[in-house]
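Heads up, the thing below is written out as structure tokens.
The values are calculated or read from the model by the stated rules, or taken from the named source; none is laboratory data. The model shown is predicted, which means the values in this text are computed figures rather than measured ones. So basically every Cβ, Gly included, is an ideal-geometry build from the backbone, and we count neighbours across all protein chains shown.
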Amino acid sequence: MAPTTLLAEQHYINLKNYFPDYKESIALLTGSTKAKEKEKIKNGLSSGSIRLVIGTHALFQDDVSFLILVILLLMSNTDLVLIRDYPYDQKILKPPLYLINLL
């Protein structure tokens, strides 16, 4: 999770180039993602067809669910506060999960 759309887009481009064999299972989800694409990404996250998602706080909307969430990289203190205050007991932080804060 990146603090800005621009940073999320940069990470998305870099990761798609770094993992060319997995381009179809990498997604970018931000507040500015178009509704049709957003729905496709949300379906892919809940089904597991999307294996890696890069995004902003849009990742933590009520209608976004993850089949399996293993690693969560936080890019700012704001992200850490969001995770701490989020009602994650039922949604996000379930084992196995590695929480990494990149400050």
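Per-structure values
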{"item": "Single residue of the range 14-39 satisfying the filter (assigned to a loop (DSSP other than H, G, I, E, B) and not small (Gly, Ala, Ser)) that is nearest to SER65 (Cα to Cα)", "result": "THR30"}
{"item": "Positions within the range 16-39 being buried (at least 16 other Cβ atoms within 10 Å of the Cβ) and more than 13 Å from ALA58 (Cα to Cα), in sequence order", "result": "LYS16, ILE26"}
{"item": "Residue match in the range 76-87 (condition: of a type outside the set (S, T, N, Q), modelled with pLDDT of 90 or more and in a loop (DSSP other than H, G, I, E, B))", "result": "no"}
{"item": "Residue within the range 51-59 that is charged (D, E, K, R), surrounded by 12 or more Cβ atoms within 10 Å (Cβ to Cβ) and either assigned to a strand (DSSP E or B) or modelled with pLDDT of 85 or more (or both) present", "result": "yes"}
{"item": "All positions within the range 1-13 that are of a type in the set (Val, Ile, Thr) and in a loop (DSSP other than H, G, I, E, B)", "result": "THR4"}
